[in-house]
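Structure, as structure tokens:
The values are calculated or read from the model by the stated rules, or taken from the named source; none is laboratory data. What you see is a predicted model, and the numbers here were worked out from it, not measured in a lab. Neighbour counts run over all protein chains shown; Cβ positions are idealised from the backbone, glycine included. The protein model used for the area step is the full one, side chains on, heavy atoms only, and it has no ligands, DNA or RNA in it. Shrake-Rupley method; radii C 1.70, N 1.55, O 1.52, S 1.80 Å.
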Amino acid sequence: MMENPALCMPFGVDIDLIKGAMGDPDRVIVRKASNMIGMYADEAALSRLIEHGDPVHYEVFEKAIPDVEGHLIICISKLYPGKVGEEYYMTKGHYHMVAGTAEIYLGVAGQGFMLMKTSDGKCVAEPIRHGRMVYVPPYWAHRSINTDDVPLVSFCVYPGGAGHNYGDIEKEGFPKRIFNKHGVPVTQ
Ligand code: F6R
Ligand code: ZN
């Protein structure tokens, strides 16, 4: 008889709310400037960054939870401070592969925005910071943007089986960007 793929043992994990790190992650995804080609408005500024050390833009710490319906996937997203030209560091952004699945982001440290869009053109930039939760409804693509000078750390929870669709966002982009203009975040 086939074993049920949703079965797993209960567990706990330490989360360092100051450093924005998971005590014992099973997987760490690291995205550097060179993984962000095509995402920022100023392509020349991104090329210069890649040539000058290719800094890490963000890390995602995950536990190995079965990626099937019934589970809740958890992760810590740590987005470093920085700018590409005048545009703040951000994540690639994605729809979920199963588009009708939501996600909760709890702001743990730092501050910035969760930029969300639908395929029919709605776009919302919702502030996220320590102590603030952002609800990403089903069908909304989402990208975090760090407007602070410390890491923007979020604790994320989303349904098992949701998956990630990066391809549509690579093609469509987001209708808004957030730039540092004379020291303050400006949405354009
Ligand atoms: C999971 C989720 C977050 C992001 C993370 C990195 O569904 O939304 O854990 O995966 O913030 O962003 P992306 O995946 O857009 O590179
Ligand atoms: Zn997501």
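Looking at Pro151, Pro138, Pro175 in this structure, which one is within 23 Å of Cys75 (Cα to Cα), away from ligand 2 (no atom under 16 Å from the Cβ) and touching a Gly at 6+ places or on another chain (Cβ under 8 Å)?
Pro151
Working carefully through the options Glu69, Glu43, Glu59, find the one that is surrounded by 14 or more Cβ atoms within 10 Å (Cβ to Cβ), among the acidic types (Asp, Glu) and at negative phi.
Glu59
Within 12 Å of ligand 1 (Cβ to nearest atom) and either farther than 21 Å from His130 by Cα or open to solvent by 30 Å² or more (accessible area, probe 1.4 Å) (or both): does that describe Asp54?
Considered against the rule, which asks whether it is within 12 Å of ligand 1 (Cβ to nearest atom) and either farther than 21 Å from His130 by Cα or open to solvent by 30 Å² or more (accessible area, probe 1.4 Å) (or both), Asp54 comes out as no.
In segment 83-92, which residues are surrounded by fewer than 22 Cβ atoms within 10 Å (Cβ to Cβ) and either over 18 Å from Arg177 (Cβ atoms) or within 13 Å of ligand 1 (Cβ to nearest atom) (or both)?
Residue satisfying the conditions is Lys92 alone.
In the list Gly112, Gly38, which residue meets the criterion of being open to solvent by 20 Å² or more (accessible area, probe 1.4 Å) and either closer than 16 Å to Phe179 by Cα or in contact (Cβ under 8 Å) with a residue 12 or more places away in the chain (or both)?
After ruling out the rest, the residue left standing is Gly38.
Taking segment 1-23 only, how many residues are open to solvent by less than 50 Å² (accessible area, probe 1.4 Å), away from ligand 1 (no atom under 13 Å from the Cβ) and touching a strand residue (DSSP E or B) at 6+ places or on another chain (Cβ under 9 Å)?
Residues flagged as open to solvent by less than 50 Å² (accessible area, probe 1.4 Å), away from ligand 1 (no atom under 13 Å from the Cβ) and touching a strand residue (DSSP E or B) at 6+ places or on another chain (Cβ under 9 Å) within segment 1-23 amount to 2.
All but one of (1) more than 16 Å from ligand 1 (Cβ to nearest atom); (2) in a loop (DSSP other than H, G, I, E, B) hold for Ala162, so report the exception by its number.
(1)
Could you look through segment 80-109, keep only residues that are in contact (Cβ under 8 Å) with a residue 60 or more places away in the chain and acidic (Asp, Glu), and pick out the one that is nearest to Pro175 (Cα to Cα)?
Step by step, filter segment 80-109, then rank; the result is Glu87.
Kindly indicate the residue of segment 24-35 that is away from ligand 2 (no atom under 16 Å from the Cβ) and open to solvent by 60 Å² or more (accessible area, probe 1.4 Å) and also farthest from the chain's Cα centre (by Cα) among those meeting that condition.
Filtering first and then ranking leaves Asp24.
Taking segment 139-162 as the region of interest, how many residues are open to solvent by 20 Å² or more (accessible area, probe 1.4 Å) and of a type in the set (Gly, Ala, Ser)?
Going through segment 139-162 one residue at a time, the tally reaches 1.
Give the number of residues within segment 164-184 that are closer than 26 Å to Asp120 by Cβ, open to solvent by 20 Å² or more (accessible area, probe 1.4 Å) and not acidic (Asp, Glu).
So the answer is 11.
Within the set of pairs 6+ apart or on separate chains, which have a first residue in segment 143-166 that is over 11 Å from Ile128 (Cα atoms), a second that is of a type in the set (Lys, Arg) and surrounded by 22 or more Cβ atoms within 10 Å (Cβ to Cβ), and C-beta atoms under 8 Å apart?
Pro151/Lys78
Among the residues of segment 115-129, which ones are more than 16 Å from ligand 2 (Cβ to nearest atom), surrounded by 14 or more Cβ atoms within 10 Å (Cβ to Cβ) and over 16 Å from Tyr88 (Cα atoms)?
Cys123
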